[in-house]
Amino acid sequence: MGEVRVGTSGWNYPSGKGTWNGLFYPKTRSKRAGTDRFDELRFYAEHFDTVEVNTTFYGQPRDEVTRGWAERTPAGFDFSLKLYQKFTHPKMFREAALKTAPGAEGPLLDLLAQVTQSDIDDFRAGIEPLASAGKLGALLAQFPPSFKSDAASLGYLNSLLEAFAGYDLAVELRHKSWSDAFGETLSLLKTHGAAFVQIDEPKFKLSIAQNQLPNIPTFYYMRLHGRNAAQWWKHDKTEDRYNYLYSAEEVTEFAETAGAAREIVKKAYLYTNNHFSAKSVANAAMIKKQLGEPLEGEYSEEFISRYPELAGVAKPVSRLI
């Protein structure tokens, strides 16, 4: 039987109505021994053994940062990292570039948006400390809904998988054209040992169809974004999209899927991304409970009161932190 790693997408949500501060993280954020400030990552790692990193989507990872992550987490902790947006979202990369250099439209920007070997080398170098420490989980290539299956996209995806050969690569595809040609899609992923990411999110007309099954024997990858359809496409703040708590009944289906997956693969990753007010933490803990995994760490009275599903299961805070 393989192992299951359950965690959240990100660990730092300091602002907004859905902040984790004072809920998952303590109100009294005193210093830990040997540090000059409260360390959210250390605290998070007392509760979960893996996390999905989103910040690497917005900027290339830096080795001094990832080295710090490795040093601040216990042995056996896994980081799964989202690929830099330039690899998967060229339009978003262009928009970000224009914000820093207004008026830079044209051939120069198009050239800048093309993925180069230097981009690949920079990403590899940035995550090397995690790989060396044995703490690198999977690399997540999350493509936008507009990324359709056609000759050009197939060619690009093949080249991207080749560029990151040697890593566990999970590919998130969201347009139905990929499931319409399911055989071709799975064949390409299998050739490179890449996992087909299973996602739960509000569906749209052209949403990809998924079967929840592992497509390779090495690892499995699932992401839960929540089912807040009312605010998924139209919202005041981006965080509003993720304001959804999976019920115990809904959690059961994911726990059963993860449990079945670990009978087939060596390692299964399941990440909750419904991060508003640490609902992802609550659901991750609920999934761990249903899988029979130990629920490590302590939870505040405010957290357990907000999410009573964990009452009697999660260990309440017994000391000042």
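The values are calculated or read from the model by the stated rules, or taken from the named source; none is laboratory data. Computed from a prediction, not measured in an experiment: that's the story for all the values here. Using ideal geometry, Cβ is built from the backbone for each residue, glycine included, and neighbour counts are taken over all protein chains shown. Ligands, DNA and RNA are excluded from the accessible area calculation, which covers all protein heavy atoms including side chains. Shrake-Rupley method; radii C 1.70, N 1.55, O 1.52, S 1.80 Å.
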query = If only one of Ala278, Ala311 is among the small types (Gly, Ala, Ser), within 27 Å of Arg42 (Cβ to Cβ) and open to solvent by less than 10 Å² (accessible area, probe 1.4 Å), which one is it?
reply = Ala278
request  = Mind listing whichever residues of the range 123-172 are open to solvent by 50 Å² or more (accessible area, probe 1.4 Å) and among the charged types (D, E, K, R)?
outcome  = Arg124, Glu128, Lys148, Asp150, Glu162, Asp168
note = Only one of Glu64, Glu52, Glu46 is more than 25 Å from Ala170 (Cα to Cα) and modelled with pLDDT of 95 or more, namely Glu46
key: Selection from the range 216-228 of residues that are within 23 Å of Gly137 (Cβ to Cβ) and part of a loop (DSSP other than H, G, I, E, B)   = Ile216, Pro217, Thr218, His225, Gly226
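Every residue, every condition in (1) of a type in the set (A, V, I, L, M); (2) touching a residue at least 24 places away in the same chain (Cβ under 8 Å); (3) in contact with a strand residue (DSSP E or B) (Cβ under 6 Å, 6 or more places away or on another chain); (4) within 29 Å of Leu189 (Cα to Cα), yes or no:
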position: Thr218; (1), (2), (3), (4): no, yes, no, yes
position: Tyr271; (1), (2), (3), (4): no, yes, yes, yes
position: Ala285; (1), (2), (3), (4): yes, yes, no, no
position: Ser300; (1), (2), (3), (4): no, yes, no, no
note = Within the range 238-269, the count of residues that are open to solvent by 30 Å² or more (accessible area, probe 1.4 Å) and β-branched (Val, Ile, Thr) comes to 4
ask   = Can you spot a residue in the range 17-32 that is at pLDDT 95 or above, exposed (fewer than 14 other Cβ atoms within 10 Å of the Cβ) and under 30 Å from Glu301 (Cβ atoms)?
value = yes
ask   = Which pairs have Cβ atoms under 8 Å, sit 6 or more apart or on different chains, and link a residue in the range 1-22 that is assigned to a loop (DSSP other than H, G, I, E, B) to one that is among the β-branched types (Val, Ile, Thr)?
value = Gly2/Ile264; Gly2/Val265; Gly10/Val51; Gly10/Val53; Gly10/Thr55; Trp11/Val51; Tyr13/Thr19; Trp20/Val281
ask   = Do we have any residue at all in the range 133-151 that's basic (Lys, Arg), modelled with pLDDT of 80 or more and within 20 Å of the chain's Cα centre (by Cα)?
value = yes
ask   = Is it the case that the range 229-248 has a residue that's on the phi > 0 side of the Ramachandran plot, touching a residue at least 24 places away in the same chain (Cβ under 8 Å) and either out of contact with any strand residue (DSSP E or B) (no Cβ under 8 Å at 6 or more places or on another chain) or not in a helix (DSSP H, G or I) (or both)?
value = no
inquiry  = Can you go through Thr272, Thr191 and tell me which one is within 17 Å of Ala141 (Cα to Cα), open to solvent by 30 Å² or more (accessible area, probe 1.4 Å) and out of contact with any Phe, Trp or Tyr (no Cβ under 7 Å at 6 or more places or on another chain)?
reply    = Thr191
